[in-house]
1. When segment 131-163 is examined, which residues are found to be of a type outside the set (Val, Ile, Thr), more than 11 Å from the ligand (Cβ to nearest atom) and assigned to a helix (DSSP H, G or I)?
2. Can you name every residue in segment 94-122 that is assigned to a helix (DSSP H, G or I) and under 25 Å from the mean Cα position of the chain (by Cα)?
3. Are any residues in segment 57-98 more than 10 Å from the ligand (Cβ to nearest atom), of a type outside the set (A, V, I, L, M), in contact (Cβ under 8 Å) with a residue 40 or more places away in the chain and closer than 30 Å to Pro158 by Cβ, and if so, which ones?
4. Is there a residue in segment 358-379 that is assigned to a helix (DSSP H, G or I), at pLDDT 95 or above and farther than 16 Å from Arg237 by Cα?
5. For Asp401, state whether it is assigned to a helix (DSSP H, G or I), modelled with pLDDT of 95 or more and at negative phi.
6. If you scan segment 189-216, which residues turn out to be farther than 13 Å from His142 by Cα, more than 16 Å from the ligand (Cβ to nearest atom) and among the hydroxyl-bearing types (Ser, Thr, Tyr)?
7. Please go through segment 340-356 and give me each residue that is within 18 Å of Glu255 (Cα to Cα) and either touching a Cys at 6+ places or on another chain (Cβ under 6 Å) or β-branched (Val, Ile, Thr) (or both), ordered by number.
8. What are the residue pairs meeting all of these: first residue in segment 5-17, first residue in the same structural domain as Glu53 (by TED's automatic domain parsing), second residue hydroxyl-bearing (Ser, Thr, Tyr), Cβ atoms under 6 Å, and 6 or more apart or on different chains?
Amino acid sequence: MIATRNAGLTRLAAFLPHMADDYATRRNYDLGVHSVVSRLSPFLRRRLITESEVVLAALGQHGLPPAAKFIDEVVWRSYFKGWLELRPSIWRDYCDGIASDLVGLDLARRKTYDDVLNARSAIACMDAWVVELTTTGYLHNHARLWFASIWVFSLGLPWRLGADFFLQHLLDGDPASDTLGWRWVAGLHTPGKTYQARADNIATFTNGRLAPDPAQIAPRYPAPAEPDGLPQPRALRDIFAPNPKLPTLLLITEEDCAAPPVDLAALNIRAVVAVTASHLRSPTGLSQHVAAFETAALRDTTRRLGVADAPIIVANDPDALIAQAHHAGATQIVTSFVPTGPLQDWLMAAMPRIAAAGLCLAEWRRPWDDMIWPDCTAGFFKVKKNIPSYLAMAGLLPAFDAQKDTK
Ligand SMILES: Cc1cc2nc3c(=O)[nH]c(=O)nc-3n(C[C@H](O)[C@H](O)[C@H](O)COP(=O)(O)OP(=O)(O)OC[C@H]3O[C@@H](n4cnc5c(N)ncnc54)[C@H](O)[C@@H]3O)c2cc1C
């Protein structure tokens, strides 16, 4: 898969005819070729194309009732991003728990864990999904649900280790969608509500391509519990707006590869630098596909900004970033909002050194996120029922109406 905005736009155009009935009726089928889902997730995750662009395209082609299911799914992404943003301790607990989950595996479960990761679990569907994930960087949503359910309830493995495995390999790997997808399956997102994979369901929705033995995938382990329950949502993290007067280093990250919603010409930009951070996704490794996709997406972004040769540094020692800023004579680093996740962890840990080097950090947050994230305090329903008003607020419904008028 090519990691450019153009490739994302091409995929979007190709999927446009399928965003209504095809999607609503067949999206749950995992037929191996994935023609009934968009496969836009690696592009949306990095905002090579944005949620509002995709939603506008769906509205323009089909209108709101027919494209509603597809738009709902795109908004699920925003919901999970906002939900984690309001509860960053869930991400912190996830990161802290991976090492203890690994250490806590007894010999039998350590073997099960190694066997699954090496596609020799003896459960043919699990092995097939591992091969697909590790070779393509993608799994259909239904396969992710089945895989996570069998991992947790049939094999008794810790959900965090499964989420970590996904993050290492998914091209769309996202701290919010991944951890909260796993928590949803395990019954931690909506306490008491778990997702249980069933052999007949797998056979039906793969058209018989995968037909596990019901006994092999029967649930044997209880849902994991969190005695303290869910943390209360907090307010969105405060950010400093860019100061147009300060000499500025523009920092590009995979969190947002779209054209910035701020007037770059009004900023005093001295240089552009991109930073790779995928290696921070997991303490246990990273697929080469993911690393290559991220670097290519960043290069495509600097190229579109007119700086094809902008340095791409690695989020390791913050001195590399500081050196770029000093070299450019910048006193301000400006970047898109860095949401809860490994890049934010790195940046926040680097802040004392960045500040000591005489640099300040400013961010912009997209209106789409400011509009939806504050509502992500409870279940998805609260967000879903507001979708028509979000679309109107974002100016997408009038845009749709205007397009319709000219047809
Ligand atoms: C255990 C588990 C882990 C997951 N991990 C990730 C992840 O790391 N990154 C990720 O982007 N998605 C994740 N998902 C959500 C979902 O599976 C993928 O977004 C979807 O399969 C991507 O394929 P697509 O682009 O063809 O989706 P489509 O069905 O075409 O949907 C269009 C877009 O809507 C969004 N979307 C669709 N379904 C979901 C969903 N359930 N949650 C959040 N957003 C959604 C995606 O951005 C997707 O590109 C996970 C789901 C589960 C159950």
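The values are calculated or read from the model by the stated rules, or taken from the named source; none is laboratory data. On a predicted model such as this, the values are computed, not experimentally measured, just so you know. We place every Cβ from the backbone using ideal geometry, glycine too, and count neighbours over all the protein chains shown.
1. Glu132, Phe153, Ser154, Arg160, Leu161
2. Within segment 94-122, Tyr94, Cys95, Asp96, Gly97, Ile98, Ala99, Ser100, Asp101, Leu102, Tyr113, Val116, Leu117 meet the criteria.
3. Passing the criteria: Gly82, Trp83, Glu85, Arg87, Pro88, Ser89, Trp91, Tyr94, Cys95, Gly97.
4. Looking for residues that are assigned to a helix (DSSP H, G or I), at pLDDT 95 or above and farther than 16 Å from Arg237 by Cα, one finds none in segment 358-379, hence no.
5. It is false that Asp401 is assigned to a helix (DSSP H, G or I), modelled with pLDDT of 95 or more and at negative phi.
6. none
7. Hit for segment 340-356 is Thr340, nothing else.
8. Listed by first residue and then by second, the contacts come to Phe15/Ser38.
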